[in-house]
Every structure is written in C-alpha cells, then in structure tokens.
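Colleague: Could you have a look at this structure, given as structure tokens, before my questions?
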C-alpha cells in the first residue's frame with residue numbers, strides 16, 4: 001500500500017511539474033511575441049502644414065555727426081510663408097502663400113516701401129507615374145500698398161493694391177525629377193492683368209488699354225519651384241515663371257524669378273538674402289521717355305528673427 005501511494009505521489013508530482021513548466025513556457029512565448037499593429041489602427045497623415053516668419057530691422061540716429069548723414073533712419077522688412085500640402089493615393093494638392101513687406105523711413109526722404117508682394121499658388125495633381133502628374137494650377141499675385149517713383153520735388157504713383165494684380169489659370173503636366181523640384185509646363189494658359197486704380201488705368205499702365213481695368217492673354221506657361229537645405233545652416237527657396245503671349249510678341253517672354261536664401265545663426269536668428277528679377281514686356285515705364293520695357297531687379301539683405309513652424 002505504501003509502495004502504491006509512493007508511486008501515485010511520484011506520478012502526480014511529475015504531472016504537476018510538467019504542467020507548471022508548460023504554463024511558464026507559454027507565458028514566456030506570449031511575452032516575447034512581437035505585437036503586430038492592425039492596419040486600421042495606423043492613421044496615414046494626408047496633410048503637411050507649416051511655414052516660416054522672418055523679421056529684419058535696423059535703426060540709426062545721428063546727432064552733431066561730423067561725417068554727415070540722416071539724423072534718423074529706420075528699416076524693417078518682414079516675410080511670411082504658409083504652406084499646406086495634401087497627398088492621398090494618386091491625388092495631391094499643394095498650396096503656398098508668400099507675403100513680403102518692407103518699410104524705410106529717413107529724415108531726408110521720409111517714409112516709403114522697399115518691398116511689397118502677395119503671392120498665392122495652388123496646384124492640384126493626379127499621378128500618372130511616380131514622377132509625373134496631370135495638374136491644374138491657380139496663381140494670384142499683387143501688392144498691398146501704393147508704390148511711387150520719387151524725385152527731389154515730387155512723387156509719381158506706380159502701383160496700388162490690385163493695380164497691378166495677376167491671375168493665372170493653367171492646365172498641364174507637373175514633373176518631379178528629384179525631391180523638392182517641381183517643373184510645371186502648360187501649352188494653354190490664361191492670364192489676367194487687373195488695374196483697379198483709376199489713374200493708372202487711365203494711363204494705360206501694365207499693358208491694359210486706357211480706361212480699361214482688365215486684360216486677358218492666352219499663352220504658354222512654365223513654373224519651376226525648388227526648395228533645399230544646401231547645408232545644415234543654409235536653406236534656399238526659389239521660383240521661376242515664364243509666360244509667352246500667343247497673340248502679341250510671343251518671342252518676348254515674361255519672366256518672374258524670385259529667390260530666398262536663409263543662413264541660420266541660432267535657433268531663432270538668421271541672415272537672409274532675397275533676390276527678385278522681373279521682365280514684363282507690357283510694363284513700359286523705363287527708358288528715356290518712360291515707354292520701354294526693362295529688367296526689374298530687387299535685392300534685400302537683412303539679419304534678424306526667423307521662426308519656422
């Protein structure tokens with residue numbers, strides 16, 4: 001009897017030990033198993049939004065200064081960029097807004113602007129292949145405040161809000177050969193030029209007929225956009241627009257070329273250089289008699305606040 005009880009106890013002990021070892025092994029296997037995410041639990045980000053703001057300024061005051069100069073001078077330039085990019089499947093929608101404004105005030109010349117631009121670009125694309133989209137484009141560009149040509153004794157109005165303003169609607173192909181480079185090409189585009197200021201309209205400025213406020217042109221359009229971090233501290237953003245009017249001197253291509261370099265000094269401080277080049281065959285305010293087109297050039301260098309968000 002004792003022998004039987006001993007054998008029975010040994011069997012039960014063996015079974016319990018085996019069951020315990022198996023339970024421990026199952027728990028170890030479950031704890032070491034990789035957790036797999038359900039695809040439904042993973043949210044794909046379809047919007048990418050952000051921008052940057054820069055503010056550069058300088059101020060000087062002189063009193064009894066033998067070398068001469070303005071008693072007081074103040075210069076401020078501000079730049080705001082906002083963007084919102086959408087991407088889902090074969091559909092994409094890029095939106096970009098640039099706003100520039102510069103102000104200069106000195107005792108000798110008074111207050112005047114030295115930079116002024118509102119530029120909104122919206123582009124929808126349908127992917128044909130990884131580097132090529134069928135795309136539609138909308139671009140609007142104008143300025144905020146009145147601009148003048150100054151002489152020693154007078155000033156002449158040259159521009160105003162919505163005078164001029166440019167609107168382009170276009171359908172074409174958008175090519176992306178490398179990252180951050182877009183080349184949009186359209187054989188058929190429509191461009192409107194608006195001159196809402198009555199005095200500028202009466203003078204027939206910006207190619208709009210005298211006393212008219214709108215002019216439409218049909219032509220070919222190309223816009224190239226590129227952004228890059230050239231180094232760990234230097235960034236670049238550039239855009240080149242080309243437009244050829246089929247109905248009037250198509251060989252005289254209108255050019256709008258804007259560039260922005262930013263050098264990061266610290267987390268919020270930077271130095272910036274912007275360079276804009278414009279040629280518009282309809283803008284005939286240059287030459288000896290102020291009746292010829294000309295290449296327009298603007299260069300601004302500054303140091304100050306730069307915040308990205």
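The values are calculated or read from the model by the stated rules, or taken from the named source; none is laboratory data. Just so it is clear, the model here is predicted, and its values are computed rather than measured. Here the Cβ positions follow ideal geometry from the backbone for every residue, glycine too, while neighbour counts run over all protein chains shown.
A quick yes/no check of all residues on (1) closer than 28 Å to residue 137 by Cα; (2) buried (at least 16 other Cβ atoms within 10 Å of the Cβ); (3) in the same structural domain as residue 137 (by TED's automatic domain parsing); (4) touching a residue at least 24 places away in the same chain (Cβ under 8 Å):
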{"residue": "229", "(1), (2), (3), (4)": "yes, no, yes, no"}
{"residue": "260", "(1), (2), (3), (4)": "yes, yes, yes, yes"}
{"residue": "266", "(1), (2), (3), (4)": "no, no, yes, no"}
{"residue": "287", "(1), (2), (3), (4)": "no, no, yes, no"}
{"residue": "298", "(1), (2), (3), (4)": "yes, no, yes, yes"}
{"residue": "302", "(1), (2), (3), (4)": "no, yes, yes, yes"}
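Colleague: Say whether the condition of being assigned by TED's automatic domain parsing to the domain that holds residue 224, exposed (fewer than 15 other Cβ atoms within 10 Å of the Cβ), in contact with a strand residue (DSSP E or B) (Cβ under 7 Å, 6 or more places away or on another chain) and on the phi > 0 side of the Ramachandran plot is met by at least one residue in the stretch 148-161.
Modeller: Among the residues of the stretch 148-161, not one is assigned by TED's automatic domain parsing to the domain that holds residue 224, exposed (fewer than 15 other Cβ atoms within 10 Å of the Cβ), in contact with a strand residue (DSSP E or B) (Cβ under 7 Å, 6 or more places away or on another chain) and on the phi > 0 side of the Ramachandran plot, which makes the answer no.
Colleague: Related question: Determine which single condition residue 206 fails, assuming it passes every other condition in (1) at positive phi; (2) part of a loop (DSSP other than H, G, I, E, B).
Modeller: Condition (2) is where residue 206 drops out.
Colleague: For the stretch 251-267, name all the residues that are part of a loop (DSSP other than H, G, I, E, B) and within 22 Å of the chain's Cα centre (by Cα).
Modeller: Result: 265, 267.
Colleague: Taking the criterion of being touching a helix residue (DSSP H, G or I) at 6+ places or on another chain (Cβ under 7 Å), closer than 22 Å to residue 282 by Cα and in a strand (DSSP E or B), would at least one residue in the stretch 218-236 satisfy it?
Modeller: Going through the stretch 218-236, the residues touching a helix residue (DSSP H, G or I) at 6+ places or on another chain (Cβ under 7 Å) turn out to be none.
No, the stretch 218-236 contains no residue that is touching a helix residue (DSSP H, G or I) at 6+ places or on another chain (Cβ under 7 Å), closer than 22 Å to residue 282 by Cα and in a strand (DSSP E or B).
Colleague: Would you mind stating whether residue 270 is modelled with pLDDT under 95 and either outside the structural domain of residue 232 (by TED's automatic domain parsing) or not in a loop (DSSP other than H, G, I, E, B) (or both)?
Modeller: Numbers: modelled with pLDDT under 95: yes; either outside the structural domain of residue 232 (by TED's automatic domain parsing) or not in a loop (DSSP other than H, G, I, E, B) (or both): yes.
The answer is yes for residue 270.
Colleague: Let me ask something else about it. If I ask for residues that are under 23 Å from the mean Cα position of the chain (by Cα) and free of Cβ contacts under 8 Å to residues at least 12 places away in the same chain, which ones from the stretch 169-199 would you list?
Modeller: Result: 178, 179.
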